[in-house]
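A short reminder: the numbers here are calculations on the coordinates, not readings from a lab. Just so we're clear, the structure is a prediction, and the values are computed from it rather than from any experiment. Glycine gets a Cβ as well: all are built from the backbone with ideal geometry, and neighbour counts include every protein chain shown.
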């Protein structure tokens, strides 16, 4: 009879190895473990005292975000906390995460980035707002959005190069990060800083100054290299890395094609007002008492009124539109609205008193200049002064001449002038985006948009322009088309200018903070 062995069974090598790994994991200070340890203490003040300054900023100072890139893991805990603690609506975000990658395929590198409002020393959102819906706190430097003042014009979305303000269609206004100012005033860290498991986000005090040009200045040497140029708005956020970052970093989504919103009410405003101003200018230059001038003036007045009415539909809060004059001192949008309102008054008077026709023409040209500057002031390359002014004034010339061709009899010289103006504008539209600036990233993106997703609209614009602005006018000048063809030419030319203005909005390259990539 064999005896039973009492020797304990030895663990297999595999089980022993797993036990060692589990024991090792319990000793590792992972981000989650560190976060849990930090919250185990009894005192909230002790937990977050190193995430916020212990005193208010002094003269020449303000609060700013500081991001430790070495600690940022891209976990989006900051995004979630910001959304939850600020009570944001679905799909509304005030903080984003992005990714930087190396442009050299031989040396792979990736760096996650968290970003929110940079509370700039010279915020473009504030200087461009037509209703003074932004305020920079004189003590903390925090840039706040005043929700009850906003009319939802979205101009701050165009002005900010970092894609910070977000339009809320449910509320009809724009909202953005305010650095959790209420929490800061109570001695608590902002939601994003408090939720970050690695404490990669904190609030610091930075110095600001006033430059020789009387513009506020901030030290932007610690700003993100792959972000839009900080010289425009002087952002105060500091991005730090002890290990250093490669010099060739680019945004992971830098190559993504992003056609911008068409802004249909603005397309109608800028195109119809261009035609209205063109009609006023044609009437001012025509001989006194010339046949058909009254019809041209009436058509221009109707076009201008329709454009101004259409612009109201661009607002999220149209009943607050009367406030648009408040930013007259510094906002081109306010100036545009005020000058066009003055044009409407002069154009209405010109219908009954011919002496107001030159006044309406001059006010209209001034209004078109303000319109161009609304977009030039955003610093977007496709909207630089040459592009915007040529397109807006070109529309006025083309539609004004087309209106004259439609209602002024025996207008052979007008037909030739219309054909020449349209041909010149079409040539400029084709060549300018492909000119000397095509090597810049923004110009390349515009060129790719025009040759890719927007190519059908480009062809439509070219066809309408050639037919209504060149072909029919030349036939009329040669006497090979009936006089009624002038009104057909006006309709085709108007459709062509609407297509061009849609491309003006859709093909612009919009600057933003780095995203996560994708199509």
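Key figures
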read-out	value
C-alpha center-to-center spacing [the range 58-76, the range 168-192] in angstrom	16
FRET efficiency, residue 93 to residue 16 (Cβ-Cβ, R0 56 Å, nearest 0.05)	0.75
The chain, helix-only ellipticity at 222 nm - DSSP H runs n ≥ 4, -39,500 (n - 2.57), divided by all residues, nearest 500	-14000 deg cm²/dmol
Longest to shortest principal axis, alpha-carbon extents of the range 67-163, angstrom	50, 29, 28
Spatial separation of Cα centroids for the range 274-323 and the range 327-378, in angstrom	10
Shape of the range 305-460, Cα gyration tensor, a/c cut at 1.5	oblate
FRET efficiency estimate (nearest 0.05) - Cβ-Cβ, residue 163 to residue 103, R0 35 angstrom	0.95
Angle between the chain longest axis and helix 455-465 axis [Cα atoms, degrees, rounded to 10]	10
Mean separation of Cα contacts under 8 Å (6+ apart) over length of the range 59-129, as relative contact order %	30
Rounded to 5, the percent of DSSP beta bridges in the chain classed as antiparallel	90
Calculated Kirkwood radius over Cα pairs in Å (choose from (1) 28.1; (2) 24.3; (3) 26.3), label	(3)
0 to 90° range, to nearest 10: angle between helix 293-312 axis and the chain longest Cα axis	10
Helix 385-407 axis, angle to the chain major axis (alpha carbon atoms, nearest 10°)	30
Gyration tensor (alpha-carbon) shape descriptor, the range 363-431, a/c threshold 1.5	oblate
Model label zone, residue 213; criterion: amide N under 14 Å from point 7 Å along Cα-to-beta-carbon; scope the range 93-135	122-124
Label point at residue 442 placed 7 Å out along Cα→Cβ; residues across the range 360-392 whose backbone nitrogen lies under 19 Å	370-392
The range 456-519 versus the range 196-261: alpha-carbon centroid distance in Å	39
Per-selection Rg to Rh, the range 182-296 - Cα, Kirkwood hydrodynamic radius	1.27
